[in-house]
Number of protein chains: 2
Amino acid sequence: QGTRDHPPASVALRDRLLAAVVACFKRHGAAAIDTPVLELRETLTGKYGEDAKLIYELQDQGGELLALRYDLTVPFARYLAMNKVTRMKRYHVAKVYRRDNPATTRGRYREFYQCDFDIAGQFDPMIPDAECLKIVHEILSELQLGDFLVKVNDRRILNGVFAACGVPESQFLAACSTVDKLEKMPWEDVKKEMVGEKGLSPEAADRIGEYVRLHGGLDLIERLLQDPKLSQNQLAKEGLGDMKLLFEYLTLFGITGKISFDLSLARGLDYYTGVIFEAVLLQQENDHVEEPASVGSVAGGGRYDGLVGMFDPKGRKVPCVGVSIGIERIFSILEQRVKASGQKVRTTETQVLVATPQKHLLAARLKLISELWDAGIKAEMLYKKDPKLLKQLQYCEDTGIPLAAIVGEQELTDGVVKLRDVATREEVRM
Amino acid sequence: QGTRDHPPASVALRDRLLAAVVACFKRHGAAAIDTPVLELRETLTGKYGEDAKLIYELQDQGGELLALRYDLTVPFARYLAMNKVTRMKRYHVAKVYRRDNPATTRGRYREFYQCDFDIAGQFDPMIPDAECLKIVHEILSELQLGDFLVKVNDRRILNGVFAACGVPESQFLAACSTVDKLEKMPWEDVKKEMVGEKGLSPEAADRIGEYVRLHGGLDLIERLLQDPKLSQNQLAKEGLGDMKLLFEYLTLFGITGKISFDLSLARGLDYYTGVIFEAVLLQQENDHVEEPASVGSVAGGGRYDGLVGMFDPKGRKVPCVGVSIGIERIFSILEQRVKASGQKVRTTETQVLVATPQKHLLAARLKLISELWDAGIKAEMLYKKDPKLLKQLQYCEDTGIPLAAIVGEQELTDGVVKLRDVATREEVRM
C-alpha cells in the first residue's frame, strides 16, 4: 500500500528530472554520499516530533533493532558525527520511507525519493543559507513548473513570538507544530487546537494569531525589529538580524521577487534551529482572485545546528543548513503534463535493429550484431530464427529505433550491409 | 552490521562503475523499471530455497506483512505478472537485502547493489540466453578486471544426472543445493552432506561425483549426448541439445574462449529451470600451477521459466532468462586498485572558485557567482565574509578546482574579472 512499480516510461521521465536536480547540486560544488536504507532505531528516535509514529520498523530477528530511514537529513547528521566530518557540502538522492496515509493522486507515497543538498560547517552567517535558497530558485525555474513562491521564516523568530505572547518555553515545539498546520486549516481550527489540545490560553493564541498572519519582505523585517515586544527577546532579535542579512544576500542573487518572509511558516520537524523555508507552486487562476492558490510544497529545508551534536559522544556540534527537493510532487506534475500532451516517451536508446530479409540467416545476424555491440553501438535483433522483414521493421516503428541494418543473401555475397532509415525508407549499401 | 556509509570518493567510483554497466544494458536495448524495496512477505516465500532465512522482515505495525527485497528477479517476475507483460527486456540497478554473515573484506554486505538484465518472453531457443552471456563477456572485458571464466550448465542436465544416478525427483533440489557448495568445499565434504544430511545413498553420491567433475566445451557436450545413461533421460537430452545450440551462438559471438560447460555449477536458487551460469575472475599466479585459482563469482544468472507463473492467478507462464552483475565484488577490486595506485579521485566537478583579494567584497563575489551559476558554470566560493586569497587558492588545490575567478577593487573599477589557472598561475583579465 502506498508504494508503486515504475514502468519504463516513468523511469525514463524520472531519470531526466533527477539528472536536472543533480546537475544543479553539482553546479554548486556538492559531493555525493550514500548511506544504508537501514538505520538503528535509536538513531531515528526523538528526531521527528509527532511524525515518529510513521517510522517503519524492522522485525527483531536477532541482532540490532533496525528501522527504515525516514529522511536523508538524520542519516547525514549521523554520518558527519560518526566520521568526525566538520565541513562538507553534499547531496544525496535516495528513497525514504514513511507509514503515512498515502494520497497517491497528489504524489504522496510511503516510499519516495528525496533529493537533498546540505552544507555542514561553521561559516559566516547566512551565506550557506542564501545558497540553499538560490538552489531552490534555480531548480524550480529550470524545470518550468510555473510560478512559485519560497516562504522563509526562522525558528528563533517563531520562538520569540511564542515567548512574547506568553507561551512557556516547554510548549514552543507543540505550538510550532500547531502553527505548521495553518497551511492546511483555517486559523480558527489552529487556535482551537492550541487552546484545546496544547493547553495555551486563548489570549496567548490570539496574540500568536496576529503575528503569524504577517508576511512581506525587508520592510516587514524592519518593522518587527522595532516591535516593542519582539525586540526585547534576544532570540527573536538574532533571528530578525539574520533574516535581514539573508534578504541582502538574496537581493545580490536577484531572487527576492519570489521570496516571502512569512511568519506562519513553522515546518513540522523538531530539529530546526534557525532559518526555515518552503517552496510552493502557485496556481495561476484565470479569474481575478486576490491571492494565487497554493498547490503544495515542492521544496523545503532549513538550518539544524544541533542535530549532529546529538550523535557525537562528546556532543560536538556541526552547524548545518540544507534543502530537500520534493521530487515526487514535481514528477506527478510533469507526468500529467506529458500525458496531456500525448507525447510518447522513448524508453530505450537502441540505434539500429539488425534484420534479415530471408530465412536461414540467423548466423549472419548474430555475427553482425556482435560486431556492432563491440563497437559500442546500441543494437537489437528479434529473438527469432527466421523473422519476417515486415515484423522487424514494425518493431523499429513501435519502439522508435531509427535505423535497420539489413543483411540478406545478396549482401552476404557482396560483403556489404544495407542500412535503412526506418522513417524515410531510404537505403544505402555500405 | 554488514552495511556501510559510502563517502564521496566511493560514490564517485561506484557511479563510474554503474554507468559502464548501465551503458552495456542500454547497448542491448533494455528499458529500466523500478520496484519498491518493500515486497509482501508472501511474494518472497518459497523462492529462495535454504536462503529464505536471510530475508529481512518488517515488523507488523498494522496493515500488510512486508519484507525487504532479497534480489531483483522475484520483484521483476511479480511485476510482469501483475502488469500482464509478456515480453520485455529490462534492466534494474538497485539495492537488495540479505541477513547473511557479512564478509566485508571480500565485498559481501547485507545491503548491496544488484545490476540485473533480463529478457522475458517466448522466443526461439537460446538466442536470449546467448545474449546474456555476451553481456557478461562485454562487461567483464570492458572493466579490465583481468582474466575471467564463465561457467555454464543447465538445470535440466543436472536433474538428468541426478535421475541417472538414482536420486528420486523429490530430492533434486536438495542434491542441487549441495552440489552448489562444490566451489567452497572439497568433493569429500559435499559427498558427506549428500549422504548424511540429504539422505542420498553413498553409491548415488559417488556416481554424481563422477559427472560433476566434468567440464569442457562442445566436445564434452557431444560426449554426454552419447552417454548411455544420460541420453535416456528426456530432460538431460533437451538440456544437452540446447547447450550445443548455445555454444554455436557463442561461437558466432566469438566468446567461447572464456566459456566453460561445467557440470559442477548448480546455483543455489530454486527458481532456475534451464541454462545457469556464473562468471569468476581468475587469479594469475606467477608460479606454474595447473589451474588458475578463482577469486569468486562476479556475475551469475540463468533461465527461470516458471517464476512469473507463480504470481499469475491463472498460472500463465512467461519464460525468462537473465543475468546479475556482482557489482560489489567488482567495486572492492577496483577500490583496492585505486588505493594501491595512490590516485586521488576528485569528488566534485567544480570548474571555478570565485575569489576576492581584499576585504569588504562579499557582495561582488555573491553577484559574480550568481551569474556563473545562472550560466550553467559549476562554481564555488568560500562561506566567509573576508577570506584570505591564499586560503581561497589553497582550497582550489585541495579540491582540484582548476580556475579561480578573482574580483578585487581594481577589477571592480575596470569592470573585469581576473581568471587564474590554479596550476600554472597564469592570469588573464576578461
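The values are calculated or read from the model by the stated rules, or taken from the named source; none is laboratory data. All values reported here derive from a predicted model rather than from experimental measurement. Here the Cβ positions follow ideal geometry from the backbone for every residue, glycine too, while neighbour counts run over all protein chains shown.
Taken together, B:VAL407, B:VAL422, B:VAL321 contain a single residue that is assigned by the TED database to the domain that holds B:THR273, touching a helix residue (DSSP H, G or I) at 6+ places or on another chain (Cβ under 6 Å) and modelled with pLDDT of 95 or more, which is B:VAL321. Inspection of the range B:360-373 finds no residue satisfying the criterion of being acidic (Asp, Glu), in a helix (DSSP H, G or I) and more than 12 Å from chain A (Cβ to nearest Cβ).
Within the range B:8-52, restricting attention to residues that are touching a strand residue (DSSP E or B) at 6+ places or on another chain (Cβ under 9 Å), more than 28 Å from B:LYS134 (Cβ to Cβ) and touching a residue at least 60 places away in the same chain (Cβ under 8 Å), the residue that is farthest from the other protein chains (Cβ to nearest Cβ) is B:THR43. Taking the range B:243-266 as the range and being in contact with a strand residue (DSSP E or B) (Cβ under 6 Å, 6 or more places away or on another chain) and either in a strand (DSSP E or B) or within 12 Å of another protein chain (Cβ to nearest Cβ) (or both) as the test, the residues that pass are B:LEU250, B:ILE259, B:SER260, B:PHE261, B:ASP262.
Need pairs with beta-carbon distance below 9 Å; first residue more than 9 Å from chain B (Cβ to nearest Cβ) and within the range A:76-88, second among the hydroxyl-bearing types (Ser, Thr, Tyr); sequence gap 6+ or separate chains. From residues that are more than 9 Å from chain B (Cβ to nearest Cβ), the pairs are A:PHE76/A:THR35; A:ALA77/A:TYR271; A:ALA77/A:TYR304; A:LEU80/A:THR86. When the residues of the range B:415-429 are filtered to those that are farther than 21 Å from B:GLY400 by Cα and out of contact with any Asp or Glu (no Cβ under 9 Å at 6 or more places or on another chain), the one that is surrounded by the fewest Cβ atoms within 10 Å (Cβ to Cβ) is B:GLY415. The conditions of being at negative phi, surrounded by 23 or more Cβ atoms within 10 Å (Cβ to Cβ) and of a type in the set (D, E, K, R) are met by B:ASP129. Take B:TYR113 and decide whether it is of a type in the set (Ser, Thr, Tyr), touching a strand residue (DSSP E or B) at 6+ places or on another chain (Cβ under 8 Å) and either at the interface with chain A (Cβ under 10 Å from one of its Cβ atoms) or surrounded by 20 or more Cβ atoms within 10 Å (Cβ to Cβ) (or both). Here the answer is yes, as B:TYR113 does meet what is asked. For the residues B:GLU138, B:GLU210, B:GLU193, B:GLU183, the requirement of being farther than 24 Å from B:CYS320 by Cβ and touching a residue at least 60 places away in the same chain (Cβ under 8 Å) singles out B:GLU183. Taking the conditions (1) under 28 Å from A:LEU372 (Cα atoms); (2) at pLDDT 95 or above in turn, B:LEU281 satisfies each one other than (2). Residue check: B:GLY2 meets all listed conditions (1) within 30 Å of A:LYS89 (Cα to Cα); (2) at the interface with chain A (Cβ under 7 Å from one of its Cβ atoms); (3) surrounded by 18 or more Cβ atoms within 10 Å (Cβ to Cβ) but one, namely (2). Of all the numbered requirements in (1) within 18 Å of B:ALA130 (Cα to Cα); (2) assigned to a helix (DSSP H, G or I); (3) among the β-branched types (Val, Ile, Thr), A:VAL354 misses one, and that requirement is (2). Could you please find all residues in the range B:342-363 being touching a helix residue (DSSP H, G or I) at 6+ places or on another chain (Cβ under 6 Å) and among the aliphatic types (A, V, I, L, M)? Listed by number, the residues that qualify are B:VAL345, B:LEU353, B:VAL354, B:ALA355, B:ALA363.
Of all residues in the range A:58-75 being at the interface with chain B (Cβ under 10 Å from one of its Cβ atoms), in contact with a Leu (Cβ under 7 Å, 6 or more places away or on another chain) and not aliphatic (A, V, I, L, M), which is nearest to A:ASN101 (Cα to Cα)? Checking each candidate, the answer is A:GLN59. Restricting the first member to the range A:324-353 and to residues that are under 30 Å from A:GLU380 (Cβ atoms), and the second to residues that are assigned to a helix (DSSP H, G or I) and of a type in the set (Phe, Trp, Tyr), the beta-carbon pairs closer than 8 Å and six or more apart or on different chains are A:LEU353/A:TYR395.
Being charged (D, E, K, R) and under 20 Å from the mean Cα position of the chain (by Cα) narrows it down to one of A:LYS47, A:LYS53, so name that one.
A:LYS47
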